[in-house]
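What follows is a single structure, written as C-alpha coordinates, with notes after it.
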Amino acid sequence: MKKIVVLTGAGMSAESGIDTFRDSGGLWDKYPVEQVATPEGYHANPQLVLDFYNTRRKELLTVSPNEGHKILGELEKHFKVTIITQNVDDLHERGGSSDVIHLHGELTKVCSTDSPNDSRFIKELEPDNYEVKMGDLAGDGSQLRPYIVWFGEPVPKIEVAIDIVRKADIFIIIGTSMNVYPAAGLLHYVPQSVPVYLIDPKQVNVSRAGVHIIQKGASEGMRLLKKKLLQE
Ligand code: APR
(Lines give C-alpha, C1' and ligand atoms only; values in the text may rest on other atoms or scores of the structure.)
Protein backbone atom coordinates (compact mmCIF):
# COMPACT_ATOMS: atom_id res chain seq x y z
CA MET A 1 0.00 0.00 0.00
CA LYS A 2 1.17 3.52 -0.79
CA LYS A 3 1.93 5.69 2.21
CA ILE A 4 -0.03 8.92 2.56
CA VAL A 5 1.21 11.39 5.16
CA VAL A 6 -1.12 14.24 6.08
CA LEU A 7 -0.10 17.39 7.98
CA THR A 8 -3.12 19.11 9.48
CA GLY A 9 -3.77 22.34 11.36
CA ALA A 10 -6.66 24.21 12.91
CA GLY A 11 -8.48 24.64 9.57
CA MET A 12 -9.05 20.86 9.52
CA SER A 13 -11.46 21.26 12.42
CA ALA A 14 -12.97 24.63 11.40
CA GLU A 15 -15.99 22.98 9.75
CA SER A 16 -16.60 21.09 12.99
CA GLY A 17 -17.03 24.45 14.72
CA ILE A 18 -13.65 24.80 16.43
CA ASP A 19 -12.03 28.23 16.02
CA THR A 20 -8.72 28.50 14.19
CA PHE A 21 -5.92 30.54 15.79
CA ARG A 22 -4.84 33.15 13.30
CA ASP A 23 -7.95 33.86 11.21
CA SER A 24 -9.64 37.09 12.32
CA GLY A 25 -11.82 36.37 15.31
CA GLY A 26 -9.62 33.30 15.94
CA LEU A 27 -8.50 32.09 19.34
CA TRP A 28 -5.41 34.30 19.52
CA ASP A 29 -7.60 37.38 19.00
CA LYS A 30 -9.75 36.38 21.94
CA TYR A 31 -7.08 35.15 24.35
CA PRO A 32 -3.54 36.56 24.52
CA VAL A 33 -1.27 33.75 23.41
CA GLU A 34 1.42 34.74 25.96
CA GLN A 35 -1.09 34.23 28.77
CA VAL A 36 -2.62 30.90 27.79
CA ALA A 37 -0.03 29.14 25.64
CA THR A 38 3.40 29.73 27.16
CA PRO A 39 5.10 28.25 30.24
CA GLU A 40 5.55 31.82 31.55
CA GLY A 41 1.81 32.50 31.24
CA TYR A 42 1.06 29.25 33.07
CA HIS A 43 3.42 30.02 35.93
CA ALA A 44 2.06 33.58 36.22
CA ASN A 45 -1.58 32.47 36.38
CA PRO A 46 -2.12 28.71 36.36
CA GLN A 47 -5.82 29.02 37.17
CA LEU A 48 -6.47 31.09 34.05
CA VAL A 49 -4.63 28.56 31.90
CA LEU A 50 -6.41 25.54 33.45
CA ASP A 51 -9.73 27.32 32.84
CA PHE A 52 -8.84 28.07 29.22
CA TYR A 53 -8.09 24.39 28.50
CA ASN A 54 -11.05 23.17 30.58
CA THR A 55 -13.23 25.23 28.25
CA ARG A 56 -11.49 23.88 25.13
CA ARG A 57 -11.82 20.33 26.47
CA LYS A 58 -15.54 20.67 27.18
CA GLU A 59 -15.98 22.03 23.66
CA LEU A 60 -14.88 18.58 22.43
CA LEU A 61 -18.10 17.16 23.82
CA THR A 62 -20.18 19.44 21.58
CA VAL A 63 -18.37 18.94 18.25
CA SER A 64 -18.07 16.06 15.78
CA PRO A 65 -15.65 15.08 13.06
CA ASN A 66 -16.48 16.69 9.71
CA GLU A 67 -16.52 15.03 6.31
CA GLY A 68 -12.84 15.86 5.83
CA HIS A 69 -11.84 13.91 8.95
CA LYS A 70 -14.08 11.03 7.87
CA ILE A 71 -12.65 10.82 4.36
CA LEU A 72 -9.13 10.65 5.85
CA GLY A 73 -10.36 7.76 7.99
CA GLU A 74 -11.87 6.00 4.97
CA LEU A 75 -8.65 6.34 2.97
CA GLU A 76 -7.15 3.69 5.27
CA LYS A 77 -8.99 1.12 3.13
CA HIS A 78 -6.75 2.02 0.19
CA PHE A 79 -3.57 3.52 1.64
CA LYS A 80 -1.39 3.43 4.71
CA VAL A 81 -2.32 6.81 6.19
CA THR A 82 -0.44 8.64 8.93
CA ILE A 83 -1.85 11.90 10.22
CA ILE A 84 0.58 14.38 11.73
CA THR A 85 -1.59 17.00 13.36
CA GLN A 86 -0.94 20.28 15.11
CA ASN A 87 -4.44 20.02 16.52
CA VAL A 88 -5.06 19.09 20.12
CA ASP A 89 -8.64 17.92 19.53
CA ASP A 90 -9.52 14.25 19.04
CA LEU A 91 -11.51 14.62 15.83
CA HIS A 92 -9.10 12.65 13.63
CA GLU A 93 -9.42 9.64 15.93
CA ARG A 94 -13.18 10.02 16.12
CA GLY A 95 -13.26 10.39 12.31
CA GLY A 96 -11.72 6.93 11.92
CA SER A 97 -7.99 7.59 11.64
CA SER A 98 -5.95 4.97 13.49
CA ASP A 99 -2.45 6.43 13.17
CA VAL A 100 -2.36 10.01 14.50
CA ILE A 101 0.68 11.88 15.81
CA HIS A 102 -0.23 14.93 17.89
CA LEU A 103 2.73 17.29 17.58
CA HIS A 104 1.27 19.87 19.98
CA GLY A 105 -0.26 17.55 22.54
CA GLU A 106 -3.79 16.37 23.28
CA LEU A 107 -6.63 18.12 25.07
CA THR A 108 -7.94 14.85 26.46
CA LYS A 109 -4.69 14.26 28.37
CA VAL A 110 -2.99 15.84 31.35
CA CYS A 111 0.58 15.60 32.59
CA SER A 112 2.98 16.70 35.30
CA THR A 113 3.96 20.36 35.59
CA ASP A 114 7.50 19.38 36.61
CA SER A 115 8.05 16.75 33.86
CA PRO A 116 5.46 17.27 31.12
CA ASN A 117 6.87 14.58 28.85
CA ASP A 118 7.39 11.86 31.43
CA SER A 119 5.03 9.19 30.11
CA ARG A 120 4.53 7.77 33.62
CA PHE A 121 2.57 10.90 34.52
CA ILE A 122 0.58 11.40 31.32
CA LYS A 123 -3.03 10.50 31.93
CA GLU A 124 -6.14 10.38 29.73
CA LEU A 125 -9.17 12.10 31.24
CA GLU A 126 -12.62 10.56 31.09
CA PRO A 127 -15.20 12.73 29.31
CA ASP A 128 -17.28 12.98 32.49
CA ASN A 129 -14.25 14.39 34.30
CA TYR A 130 -12.84 16.96 31.88
CA GLU A 131 -12.26 19.68 34.46
CA VAL A 132 -8.75 20.04 35.90
CA LYS A 133 -8.54 22.01 39.15
CA MET A 134 -5.76 23.63 41.13
CA GLY A 135 -4.62 21.01 43.63
CA ASP A 136 -5.17 18.05 41.27
CA LEU A 137 -1.80 16.35 41.30
CA ALA A 138 0.20 14.26 38.85
CA GLY A 139 1.92 11.03 39.94
CA ASP A 140 5.07 12.95 40.90
CA GLY A 141 3.17 15.26 43.24
CA SER A 142 3.28 18.35 41.01
CA GLN A 143 0.18 20.16 39.75
CA LEU A 144 -1.58 18.42 36.84
CA ARG A 145 -1.34 20.54 33.70
CA PRO A 146 -2.76 20.25 30.20
CA TYR A 147 -0.74 17.90 27.97
CA ILE A 148 -0.20 20.67 25.46
CA VAL A 149 3.03 21.86 23.86
CA TRP A 150 3.22 25.58 24.53
CA PHE A 151 5.23 28.18 22.65
CA GLY A 152 8.84 28.00 23.75
CA GLU A 153 8.61 24.31 24.71
CA PRO A 154 10.30 21.47 22.84
CA VAL A 155 8.23 19.41 20.38
CA PRO A 156 9.30 15.86 21.32
CA LYS A 157 7.35 14.13 18.54
CA ILE A 158 9.02 16.07 15.73
CA GLU A 159 11.77 13.45 15.23
CA VAL A 160 9.34 10.58 14.67
CA ALA A 161 7.29 12.87 12.40
CA ILE A 162 10.36 13.67 10.28
CA ASP A 163 11.09 9.95 9.81
CA ILE A 164 7.55 9.32 8.64
CA VAL A 165 7.54 12.31 6.26
CA ARG A 166 10.78 11.08 4.66
CA LYS A 167 9.04 7.82 3.72
CA ALA A 168 5.84 9.37 2.30
CA ASP A 169 4.62 8.46 -1.20
CA ILE A 170 1.99 11.22 -1.14
CA PHE A 171 1.96 14.27 1.16
CA ILE A 172 -1.16 16.29 1.96
CA ILE A 173 -1.35 19.57 3.91
CA ILE A 174 -4.75 20.66 5.24
CA GLY A 175 -5.80 23.81 7.10
CA THR A 176 -2.57 25.19 8.47
CA SER A 177 -1.15 28.66 7.90
CA MET A 178 2.36 27.07 8.01
CA ASN A 179 3.52 29.75 10.43
CA VAL A 180 4.61 27.59 13.33
CA TYR A 181 7.87 25.66 13.43
CA PRO A 182 9.05 22.99 13.62
CA ALA A 183 5.71 21.65 12.21
CA ALA A 184 5.82 23.85 9.09
CA GLY A 185 9.41 22.69 8.44
CA LEU A 186 8.23 19.10 7.88
CA LEU A 187 7.58 20.01 4.25
CA HIS A 188 11.36 20.26 3.71
CA TYR A 189 11.70 16.54 4.47
CA VAL A 190 9.24 15.44 1.79
CA PRO A 191 11.32 13.85 -1.01
CA GLN A 192 11.32 15.93 -4.21
CA SER A 193 9.65 13.17 -6.25
CA VAL A 194 6.65 13.01 -3.93
CA PRO A 195 3.45 14.83 -4.95
CA VAL A 196 2.29 17.44 -2.42
CA TYR A 197 -1.33 18.61 -2.19
CA LEU A 198 -2.40 21.63 -0.15
CA ILE A 199 -6.03 22.14 0.86
CA ASP A 200 -6.92 25.56 2.32
CA PRO A 201 -9.57 28.14 1.35
CA LYS A 202 -6.95 30.89 1.66
CA GLN A 203 -3.63 31.27 -0.06
CA VAL A 204 -0.85 29.72 2.02
CA ASN A 205 2.79 30.46 1.29
CA VAL A 206 4.96 27.39 1.01
CA SER A 207 8.59 27.23 -0.01
CA ARG A 208 8.33 24.40 -2.51
CA ALA A 209 7.65 24.40 -6.22
CA GLY A 210 4.99 22.24 -7.82
CA VAL A 211 2.59 21.98 -4.89
CA HIS A 212 -0.92 21.08 -6.09
CA ILE A 213 -3.17 23.73 -4.56
CA ILE A 214 -6.80 22.89 -3.83
CA GLN A 215 -8.24 26.20 -2.68
CA LYS A 216 -11.24 24.76 -0.81
CA GLY A 217 -12.33 23.96 2.72
CA ALA A 218 -11.23 20.68 4.28
CA SER A 219 -14.36 18.65 3.46
CA GLU A 220 -14.81 19.74 -0.14
CA GLY A 221 -11.06 19.63 -0.72
CA MET A 222 -10.81 16.07 0.59
CA ARG A 223 -13.81 15.00 -1.48
CA LEU A 224 -12.04 16.20 -4.63
CA LEU A 225 -8.68 14.79 -3.64
CA LYS A 226 -10.06 11.37 -2.69
CA LYS A 227 -11.55 11.03 -6.16
CA LYS A 228 -8.22 11.92 -7.74
CA LEU A 229 -6.18 9.58 -5.53
CA LEU A 230 -8.48 6.64 -6.20
CA GLN A 231 -8.33 7.19 -9.98
CA GLU A 232 -4.53 6.97 -10.06
N1 APR B 1 -10.82 24.18 5.74
C2 APR B 1 -9.46 24.16 5.62
N3 APR B 1 -8.68 25.16 6.08
C4 APR B 1 -9.27 26.21 6.68
C5 APR B 1 -10.66 26.30 6.84
C6 APR B 1 -11.46 25.21 6.33
N7 APR B 1 -12.79 25.21 6.42
N8 APR B 1 -10.95 27.47 7.48
C9 APR B 1 -9.77 28.08 7.70
N10 APR B 1 -8.74 27.34 7.22
C11 APR B 1 -7.30 27.62 7.22
C12 APR B 1 -6.93 29.07 7.28
O13 APR B 1 -7.04 29.67 5.99
C14 APR B 1 -5.50 29.00 7.78
O15 APR B 1 -4.57 28.85 6.71
O16 APR B 1 -6.73 27.05 8.37
C17 APR B 1 -5.49 27.71 8.63
C18 APR B 1 -5.43 27.95 10.12
O19 APR B 1 -4.20 28.53 10.45
P20 APR B 1 -3.81 28.85 11.98
O21 APR B 1 -4.99 29.48 12.66
O22 APR B 1 -2.54 29.60 11.95
O23 APR B 1 -3.64 27.39 12.64
P24 APR B 1 -2.40 26.38 12.58
O25 APR B 1 -1.62 26.54 11.35
O26 APR B 1 -2.95 25.04 12.92
O27 APR B 1 -1.55 26.88 13.82
C28 APR B 1 -0.43 26.14 14.18
O29 APR B 1 -0.03 27.44 16.13
O30 APR B 1 -1.29 28.56 17.63
C31 APR B 1 -0.44 27.49 17.48
O32 APR B 1 -0.17 25.46 18.59
C33 APR B 1 -1.10 26.20 17.83
O34 APR B 1 -1.20 24.15 16.58
C35 APR B 1 -1.31 25.55 16.48
C36 APR B 1 -0.19 26.13 15.65
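The values are calculated or read from the model by the stated rules, or taken from the named source; none is laboratory data. Just so it is clear, the structure is predicted and the values come from calculations on it, not from any experiment. Reconstructed Cβ throughout: ideal geometry from the backbone, glycine too, with neighbour counts over all protein chains shown. Heavy atoms of the whole protein, side chains included, go into the accessibility calculation; ligands, DNA and RNA do not. Shrake-Rupley method; radii C 1.70, N 1.55, O 1.52, S 1.80 Å.
Need one word for segment 55-132: rounded, prolate or oblate. Basis is the Cα gyration tensor (sqrt eigenvalues a ≥ b ≥ c); a/c below 1.5 gives rounded, then a/b vs b/c decides.
Details: a/c = 2.77, a/b = 1.55, b/c = 1.79.
Oblate, since a/c reaches 1.5 and b/c is not below a/b.
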Here segment 70-84 yields Karplus 3J(HN,Hα) values (6.51, -1.76, 1.60; θ = phi - 60°; whole Hz; Gly and Pro given as x) of 5, 5, 4, x, 5, 4, 5, 5, 10, 9, 8, 10, 10, 9, 10
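Defining a contact as two alpha carbons under 8 Å apart and six or more residues distant in sequence, what relative contact order in percent does the chain show?
Values: 427 pairs, mean separation 54.1, N = 232.
Relative contact order of the chain: 23 percent.
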Computed ³J(HN,Hα) along segment 138-150: with the Karplus parameters 6.51/-1.76/1.60, θ = phi - 60°, integer Hz and x for glycine or proline, the list is 7, x, 8, x, 8, 4, 5, 10, x, 7, 10, 7, 8
Taking Cα atoms, the helix 218-231 axis meets the longest principal axis of the chain at an angle in degrees (rounded to 10) of 40 degrees
Share of accessible surface on carbon and sulfur in the chain, whole %, 1.4 Å probe and ligands ignored, is 50 percent
Quick P(r) readout (segment 145-232; Cα-Cα; 5 Å bins; whole %) gives 3, 13, 22, 21, 20, 13, 6, 2, 1, 0
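What does the highest-first list of 42-53, 62-73 look like by mean Cβ count within 10 Å?
Details: 42-53: 16.7, 62-73: 19.8.
Per-residue mean Cβ counts within 10 Å order the peptides as 62-73, 42-53.
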Output ordering of 77-83, 132-138, 4-10 (per-residue mean of other Cβ within 10 Å, highest first) is 4-10, 77-83, 132-138
In degrees rounded to 10, the 0-90 angle between helix 46-59 Cα long axis and the longest Cα principal axis of the chain is 50 degrees
Taking placed amide H atoms and a strict 5 Å upper bound, the residues 5 or more places from ILE173 or on another chain that come that close are LEU7, TYR197, LEU198, ILE199
Computed from every Cα-Cα pair in the chain, P(r) in 5 Å bins starting at 0 and rounded to whole percents is 1, 6, 14, 19, 20, 16, 11, 7, 4, 1, 0, 0
